[in-house]
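A short write-up of the structure that comes next.
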Amino acid sequence: MKVKGISIRQPYAWLVVSGLKPIENRSQNTRHRGRLLILASQKMHVHSVREVSRRYGVEIPTLLPMAGIIGEVELVDVVTSSRSKWFEGPFGLVLENARIWPKLVPYNGKLGLFDVEL
């Protein structure tokens, strides 16, 4: 079965699957709607966990899974503006029904949305 996936660097990937970050910023639009697997990239984001915690007022675990699928969400819309503190644009993927998977499924991500064979 093929499912769409998206790679996100930590700590943002954890914030998405935990349901704390309901918008994922991207430079390109997508027509996809529905189930979307969240892959934690092999590299951390340039923003440190501490910096993100402070900026957004959220608690983030110090040990975050990387280099694989960590959960899933439902992509319900794409917006070009939002009042959400998470929106930076130019496109915001609006995410709902976030779910953390019980264990990491190792997987190599790609740029943009891509097919994942489950």
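General observations
- Residue in segment 97-112 that is closer than 13 Å to Glu24 by Cα, in contact with a Pro (Cβ under 9 Å, 6 or more places away or on another chain) and not aromatic (Phe, Trp, Tyr) present: yes
- Scanning segment 17-31 for residues that are in a loop (DSSP other than H, G, I, E, B) and touching a residue at least 12 places away in the same chain (Cβ under 8 Å) yields Ser18, Gly19, Leu20, Lys21, Pro22, Ser27, Gln28, Asn29, Thr30.
- First in segment 49-73 and over 22 Å from Asn108 (Cα atoms), second anywhere and modelled with pLDDT under 95 and in a helix (DSSP H, G or I), Cβ under 6 Å, 6 or more apart: Ile60/Val49; Ile60/Ser53
- Val73 falls short of the stated requirement of being over 25 Å from Met1 (Cα atoms) and modelled with pLDDT of 95 or more.
- If the condition is being among the charged types (D, E, K, R), surrounded by fewer than 16 Cβ atoms within 10 Å (Cβ to Cβ) and either in contact with a strand residue (DSSP E or B) (Cβ under 6 Å, 6 or more places away or on another chain) or not in a strand (DSSP E or B) (or both), then segment 62-116 contributes Glu74, Asp77, Arg83, Lys85, Glu88, Glu96, Arg99, Lys110, Asp115.
- Matching residues in segment 33-61 - criterion: being of a type in the set (A, V, I, L, M) and part of a strand (DSSP E or B): Leu36, Leu37, Ile38, Leu39, Ala40, Met44
The values are calculated or read from the model by the stated rules, or taken from the named source; none is laboratory data. All values reported here derive from a predicted model rather than from experimental measurement. Ideal geometry is used to build each Cβ from the backbone, glycine not excepted, and the neighbour counts take in all protein chains shown.
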